[in-house]
Amino acid sequence: MTATALPRAALRHAALRRAVMPRAAVLLRAISMLAALAAALLALSAPASASSARIKDVVDVEGVRDNMLIGYGLVVGLNGTGDSLNNSPFTEQSLVGMLERMGVNTRGTNLRTKNVAAVMVTATLPPYSAQGTRIDATVSAMGDSKSLLGGTLLVTPLLGADGEVYAVAQGPIAVSGFSAQGQGASVTRGVPTSGRISSGAIVEREIQFSLAELPVLRLSLRNPDFTTAQRVATAINIQLRGNRAQATDPSSVLLSVPEARRGDIVGLITEIEQLRVTPDQIARVVVDEKSGVIVMGENVRISTVAIAQGNLTIRVTETPQVSQPGPFSQGQTAVVPRTDIQVDDQSNNRLAVMNSGVTLQELVQSLNALGVGPRDMIAILQSIKAAGALQAEIEVI
């Protein structure tokens with residue numbers, strides 16, 4: 001090869017490298033983008049942890065709350081199942097006052113109608129309910145009315161805790177229960193003295209609360225806990241890329257609204273509500289002695305302990321026999337007692353040993369293996385707690 005051919009070959013190789021390198025860079029960039037896209041799709045398709053929950057299901061935003069309403073009214077149109085006016089003087093007084101407002105004077109008249117019942121009307125006013133929207137109302141009898149079936153509630157103002165009227169209810173009542181009786185028998189199913197009016201109340205006054213003007217939002221935990229509050233604050237700070245949220249106590253997390261989000265409070269709350277955290281709770285055993293219900297949390301642990309359960313049962317059976325004297329013996333008939341006593345100490349039961357750190361499932365399986373019923377299990381749990389082997393709090397309701 002000549003000296004002049006070498007530069008030409010070098011030039012060809014250099015041109016080839018210049019042509020290949022941009023293509024390689026583009027290919028590498030495309031591969032990296034595909035890898036990032038695959039990772040994002042995998043993250044979106046991966047199921048959330050079974051123990052995690054949305055912040056929306058864990059906290060409430062201060063100020064965004066329901067309000068209770070209550071009112072007193074009359075239900076008419078009952079088929080003889082209303083209040084007895086002699087036994088319910090408040091019904092008679094309300095009926096007389098209502099008729100007088102209608103221009104009918106009934107004072108001094110002995111009213112005997114049984115088609116009217118005095119009721120209490122309750123409703124829940126959702127947050128930010130606008131004037132003119134409808135809400136449901138619940139109607140409950142006050143007197144000795146037998147049933148509200150077929151009745152119609154007359155106009156009833158619904159008051160808030162401040163005594164102001166926030167809604168007005170009226171309409172036919174839907175009753176799920178019923179009652180029927182004859183001369184020798186009667187039957188009642190459900191509660192016929194309570195009913196519901198779907199969308200039966202109209203909101204007349206709005207509760208003024210400006211969420212958009214708050215510089216700081218308070219998130220209240222529904223189940224107060226130090227660890228859960230700190231996890232909520234950490235998740236919010238990671239999402240907002242700053243130290244905006246702070247857990248001040250077990251039930252509250254304070255969120256300073258960023259300056260750029262002051263005009264978009266709803267969007268900020270929506271973004272925060274979808275974040276997922278793992279709520280924590282103390283180990284607790286809830287016991288209802290009246291019904292024998294036992295509920296245990298997953299964090300309940302038992303130290304090494306031995307359990308034996310058995311009841312002493314003594315059964316006494318009396319089978320008296322009659323002793324009859326022989327003929328012509330001038331004897332007397334006598335009753336001879338015969339008593340059979342059986343003692344059952346349930347000797348088949350065994351002593352069960354539970355090692356340290358057993359889980360809730362192992363505890364339940366061990367107690368079931370002993371043939372322990374719910375009420376005996378309550379006594380066993382209380383005894384384990386008294387022995388200092390139950391690492392949980394027992395709450396009796």
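The values are calculated or read from the model by the stated rules, or taken from the named source; none is laboratory data. Only a predicted model underlies this, so the values are computations on that prediction, with no experimental measurement involved. When we count neighbours, we look across all protein chains shown, and the Cβ atoms used for this are built from the backbone with ideal geometry, even at glycine. With ligands, DNA and RNA removed, areas are computed over all heavy atoms of the protein, side chains included. Shrake-Rupley method; radii C 1.70, N 1.55, O 1.52, S 1.80 Å.
Annotations
- Flag if Asn79 is among the polar types (S, T, N, Q) and under 28 Å from Ala174 (Cβ atoms): yes
- Tally of residues being part of a loop (DSSP other than H, G, I, E, B) and in contact with a Lys or Arg (Cβ under 7 Å, 6 or more places away or on another chain) across the range 86-128: 1
- Candidate set from the range 235-246 (those that are assigned to a helix (DSSP H, G or I) and free of Cβ contacts under 8 Å to residues at least 40 places away in the same chain); member that is most open to solvent (accessible area, probe 1.4 Å): Ile238
- Elements of type strands (runs of 3 or more DSSP E) in the range 129-230, at least 3 residues being within 29 Å of the chain's Cα centre (by Cα), touching a residue at least 12 places away in the same chain (Cβ under 8 Å) and over 30 Å from Val257 (Cα atoms): 134-141, 165-172, 194-203
- Residue in the range 305-320 that is at pLDDT 75 or above, open to solvent by less than 70 Å² (accessible area, probe 1.4 Å) and either closer than 30 Å to Gly63 by Cβ or not β-branched (Val, Ile, Thr) (or both) present: no
- Scanning the range 109-137 for residues that are open to solvent by less than 40 Å² (accessible area, probe 1.4 Å) and over 15 Å from Val203 (Cα atoms) returns Leu111, Val116, Ala117, Ala118, Val119.
- The range 86-108: number of residues that are open to solvent by less than 50 Å² (accessible area, probe 1.4 Å) and touching a residue at least 24 places away in the same chain (Cβ under 8 Å): 4
- Taking the numbered list (1) open to solvent by 60 Å² or more (accessible area, probe 1.4 Å); (2) closer than 15 Å to Ile70 by Cα; (3) hydrophobic (A, V, I, L, M, F, W, C) in turn, Leu149 passes all entries but (2).
- Number of positions in the range 351-362 that are surrounded by 13 or more Cβ atoms within 10 Å (Cβ to Cβ) and either among the small types (Gly, Ala, Ser) or modelled with pLDDT under 70 (or both): 5
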